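Below is one structure, written out as structure tokens, with a few remarks after it.
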Amino acid sequence: MLSLERFGITANDSAGRPLGTTAPGTLLSAALTVALEPGDPVALLGLLKHPLCRLGCKAVEARNAARAIELIAIRGTVDVADGARLDEIVKRRIEAIETLPAGEVGRLLTRPARNVKAAEYEAARHFAEDFAAALRPLAALRGTEPREIADYAVPLTEALEALARDEKGAPSELYAGENGAALAEFLAKLVAAPQTGFAFPAEELPDAVETLISGVTVKPRGGLSARAFVLGTLEARLESVDVAILGSLNEGVWPAGATSGAFLSRLMRREIALDPPERRVGLAAHDFWMAMGASRVVLTRSRRMDGAPTIASRLLQRVTTLAGSDATRKMSERGEVYVAAAEALETVDDRPRIARPQPRPPVEVRPKRYSVTEVETLIRDPYAVHARRIMKLDALPPLMRAPHARERGELIHAIVADFVLKAIDPDEPDAAEELRLIAEEHFSRAALPGDVAAVWWPRIIGTTARFLEWEKERNPAVRERLAERSGRSEFPAIGVTLSGRSDRIDRLADGSIVILDFKTGTKPSVKQARTLLSPQLALEGGMAMRGDFEGTSPGETIADLVYVRLRERELKSEGLETSGTKTTLPCDPTELSDKAMRRFEGLAALFLKEETAFASRTRPVLAGDFTGDYDHLARVKEWSVSGGEDDEGEAE
């Protein structure tokens, strides 16, 4: 069918189409999944943007409202994707957006979400309320006592009709055409189903309906192509055509194998007067011979199926044996025309591999302000900086998800920062209790789902306890702690600004400082930081040496640059300072920080030159990883050949 549609031919298919793949059928399955199996944002978004989901609106209004809900509430948010709570989710999100000052909206919304106008918020709110109300009859079944299929059919029908009602309040599109008629008949049978004593919980209803609908097909009422038909063997007996194409003439397909089945042996079938399995082979031969009576017949088969060679059908073998070698050769020669035409459809002229993207925008639009976190991207993938900063393209945020590692990391960061901001002495007798109160405050503010909170809280307590012990060990050597300090360094020679925010700056007893970066993961590695492939920590040290962070002054000495890994079962401190080993070169933090600033100035100056290109993936983290936000835009897979002479470059 797809091959015919390639040429604009919509053949009449006597087998019909499964109801589950039609628009009403997909609306049915999506509604059941969203209402009874919450947590899947893909299913929620699929139902929200379904062409039959109108909720009393015009089609264009429904699509616009669904798009607004997707961008402001479903993408880039952390929550449980529950359609029955969509009104609450959207309302809370809009309130959070509207309470932000005008200049801080970008902190909560990405550029795609900021494209949704404030005037669209009210329409999105109403659409979400109607959506949740439509699913309420189904969602109310969660956790209830097991029932029979007929008891579920009424709320299911009510939910579908509420979702599909048009601006006139009628679900006319839901029951339109042969697809709608088939759905109406299917629902009517469910409503009228007799009591069987087989009850099941509502959570199993999506699977039960999927099984029941799998055997329902929708047969077209005609009106498609008047010349092309796809017929089964039984229907073909009743038709007279000019050209008959007999396909799948492979052994095991036509005819199918003679199997007695798993439950009835040949002896049992004979004793209860059932036909032997070989009768089907005889019927297949009869159908084949009837089809051979057309004015013109094309016999086809595939030489390979699922990668394995095939055997010609016994029916085809007998025809060629009867015809003789000369007649068979002539038939094959006539068929070569069609084989050649089919192969020509898949033939593509060789094209040269496209070059790596290397845009060279005008100097006046090139970035003149970078953050310390952005410098690594400039080193590894300048094209990503070009796409985001110059072309103003942002990737769509990921779909709504439950809280995971990122949120846990942000929570831990906030707790350890608050510990310093409140000036708590680690050696105080009440330090542990005060740290616990800080953790409780941030934990309650996070409003985590109950199941997530039950797992996270013991881990947070363990992490904060190890953090406090670590602080106590360092306390005698630390004179002052500075947390969450922002800074900005100017490079007047090239007119570029570097900005950053440091997790912690500790001033030691000897007056030198230590820059701390708290991590809950394993990246970046110490090796990457020492080689300045991941220069964030060294750049923070350079900014502190210039006195560009609050609380620092020019000429500071950097005692160390440290990653503090706040892992689930251990706290590991990894400093960049080393006197060197057999496999590691010496690293002086002060020299490394100064070197990072000089390198950044040279790199920023280089990208201010008109001849410098923002090339794609010059030094990727992993050569075979193409999951970057802008890798698809750069068409990386088309020009990148791993191991070739144009490979992406040095990787870590």
Might you let me know whether region 75-89 holds any residue that is farther than 26 Å from A35 by Cα and part of a helix (DSSP H, G or I)? no
Which residue is least open to solvent (accessible area, probe 1.4 Å), if the candidates are limited to region 599-639 and must be assigned to a loop (DSSP other than H, G, I, E, B) and of a type in the set (K, R)? R617
Filtering region 157-169 down to residues that are open to solvent by 40 Å² or more (accessible area, probe 1.4 Å) and on the phi < 0 side of the Ramachandran plot yields E158, E161, R165, E167, K168
Failed item, numbered, when A559 is tested on (1) touching a Pro at 6+ places or on another chain (Cβ under 7 Å); (2) part of a helix (DSSP H, G or I); (3) open to solvent by 30 Å² or more (accessible area, probe 1.4 Å): (2)
Counting just the residues of region 503-517 that are within 40 Å of the chain's Cα centre (by Cα) and either among the charged types (D, E, K, R) or modelled with pLDDT under 95 (or both), which one comes out most open to solvent (accessible area, probe 1.4 Å)? D503
Residue tally, condition at pLDDT below 85 and either of a type outside the set (S, T, Y) or in contact with a helix residue (DSSP H, G or I) (Cβ under 8 Å, 6 or more places away or on another chain) (or both), over region 616-652: 16
If you go through region 57-64 one residue at a time, do you hit one that is in a loop (DSSP other than H, G, I, E, B), of a type in the set (A, V, I, L, M, F, W, C), in contact with an Asp or Glu (Cβ under 8 Å, 6 or more places away or on another chain) and surrounded by fewer than 23 Cβ atoms within 10 Å (Cβ to Cβ)? yes
Answer residue from region 13-28, given it is open to solvent by 20 Å² or more (accessible area, probe 1.4 Å) and touching a Gly at 6+ places or on another chain (Cβ under 7 Å) and is farthest from L212 (Cα to Cα) among those: S14
Is it the case that region 93-100 has a residue that's open to solvent by less than 20 Å² (accessible area, probe 1.4 Å), on the phi < 0 side of the Ramachandran plot and part of a loop (DSSP other than H, G, I, E, B)? no
Restricting to region 112-156, what's the tally of residues that are assigned to a helix (DSSP H, G or I) and surrounded by 14 or more Cβ atoms within 10 Å (Cβ to Cβ)? 29
Given the conditions (1) within 21 Å of A414 (Cβ to Cβ); (2) among the basic types (K, R); (3) out of contact with any strand residue (DSSP E or B) (no Cβ under 9 Å at 6 or more places or on another chain), and given that K527 satisfies all but one, which numbered condition is not satisfied? (1)
Which numbered condition trips up K527, out of (1) surrounded by 14 or more Cβ atoms within 10 Å (Cβ to Cβ); (2) in a helix (DSSP H, G or I); (3) out of contact with any Ser or Thr (no Cβ under 8 Å at 6 or more places or on another chain)? (1)
Among residues of region 290-310, those that are loosely packed, with under 12 Cβ neighbours inside 10 Å and within 13 Å of W254 (Cβ to Cβ), counted: 0
Output for region 209-239, where each listed residue is small (G, A, S), at pLDDT below 80 and open to solvent by 70 Å² or more (accessible area, probe 1.4 Å): G223, A226
Return a yes/no flag: does region 278-289 have any residue that is assigned to a loop (DSSP other than H, G, I, E, B) and either out of contact with any strand residue (DSSP E or B) (no Cβ under 9 Å at 6 or more places or on another chain) or surrounded by fewer than 14 Cβ atoms within 10 Å (Cβ to Cβ) (or both). no
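For the structure I just gave you, tell me whether S573 is assigned to a strand (DSSP E or B), open to solvent by 40 Å² or more (accessible area, probe 1.4 Å), within 24 Å of V420 (Cα to Cα) and of a type outside the set (D, E, K, R).
Judged against the criteria, S573 is a match.
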Mind listing just one residue for me: the one in region 466-483 that is within 19 Å of R436 (Cβ to Cβ), hydrophobic (A, V, I, L, M, F, W, C) and part of a helix (DSSP H, G or I) and, of those, most open to solvent (accessible area, probe 1.4 Å)? W470
Test L498 against the criterion of being closer than 30 Å to L622 by Cβ and open to solvent by less than 30 Å² (accessible area, probe 1.4 Å), and give yes or no. yes
Residue list for region 33-55, restricted to those being open to solvent by 30 Å² or more (accessible area, probe 1.4 Å) and touching a Gly at 6+ places or on another chain (Cβ under 8 Å): P38
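The values are calculated or read from the model by the stated rules, or taken from the named source; none is laboratory data. Keep in mind that this is a model prediction, so the values were computed, not measured. FYI the Cβ positions are ideal-geometry reconstructions off the backbone, even for glycines, and counts take in every protein chain you see. Note: areas computed on protein heavy atoms with side chains; ligands, DNA, RNA excluded. Shrake-Rupley method; radii C 1.70, N 1.55, O 1.52, S 1.80 Å.
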